[in-house]
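Here, each number is a calculation from the coordinates, and none is a lab measurement. All values derive from a computational prediction rather than experimental measurement. For neighbour counting, all protein chains shown are included, and Cβ atoms are generated from backbone atoms with ideal geometry for every residue, glycine included.
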Amino acid sequence: MEKKRLKAVVILLSVILVLLFFAILLLEDKTGTSDSFEESETLMDTSEQKEPEVIQKKIVSDPEKVVESPKGVLYFVIDDVGNNVFQLEPFLKLPMKITFAVLPGLKYTEEAVKLIIGAGKDYIIHQPMEAVGGQNPGPGALLIGMDEEQVAAVLTDNLKDYHGVRGMNNHMGSAGTADPELMSNLFKVLKEKDMFFLDSRTTAKSVGRIAAEAVGIPFAERSIFLDNSKERISILGAVENGLNIAEKKGHAIMIGHIWTEELADILLDLYPTLLENNYALNNLTDLFIGKEFDEDSWY
């Protein structure tokens, strides 16, 4: 009797072990299928997104080529310069005209400005302004409630690290650029300093254009952000949108960021083909030479 019981227990344990074995195999198979499916779906989505026509054919072209009667003029602005130097270096090597927006009061602000000037590149001050979410915009920020004298004092201190800078754009500023009093005070100071303002359009509620018209300073607005997504295909799509704007309007202002690792390489890849397709690239500062206002600049 005891032997029968022992035999039954052994059989039962054997059955349990076999069932556990098959359960583990089944679980692994399902897990593997799930991962494979998600990966294939991702690959499928990527393959279906075609790179914009403008970069499908890479053409070796003369980097010094002067484009006559261009389809449109492109102004590439690279924001958030000043936190370090190593992210700046790939952009400084680009053969194209490009504008850097340099943050004030950071460890590498002054060095970055010197490197930019040494490379013969254009630059503006990337002025920190108050954000809606309460994020810290960084040193030298303009805040709601500052009067004209306070704004002038902040800008004077910020400008000590810059040499002959002609203009600025806002860093953050979703609250600041929507405040009529702050923008009016800022533009009065900029008018005294003979400087222009590029509105980065970090909020649809910006009153920059209205305030600039009232004070009478050179003013423009960002057309496109290049790197809301850091994916190459997304950046190329943003450039394509910028080209369409440039063709309709005559020019487009496209803002990217120094911390987007692949951006410098993408711009280098694009440059010969942009020239071949009859687009001109220029410094942002040149947009304002002889002009007081950039009409209908934002889309």
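A few points about this structure:
- Proportion of all alpha-carbon pairs of the range 89-203 beyond 24 Å (%): 24
- Measuring against 18 Å, Cα to Cα, the residue pairs Lys97/Lys160; Lys107/Lys160; Lys205/Lys248; Lys160/Lys193; Lys71/Lys248 contain Lys97/Lys160; Lys205/Lys248 as the ones spanning a longer distance.
- Based on every Cα atom in the range 73-287, Rg and the maximum pairwise Cα distance Dmax equal 16.5, 50 Å.
- Largest-first principal axis extents of the Cα set of the range 170-224 (Å): 27, 22, 18
- Debye intensity ratio in log₁₀ form over the Cα atoms of the range 174-280, taken at each q of 0.14, 0.20 Å⁻¹: -0.67, -1.03
- Surrounding net charge for Gly173, when Lys and Arg each add one and Asp and Glu each subtract one, Cβ distance under 10 Å: -2
- Highest average packing first - 257-263, 164-170, Cβ atoms within 10 Å: 164-170, 257-263
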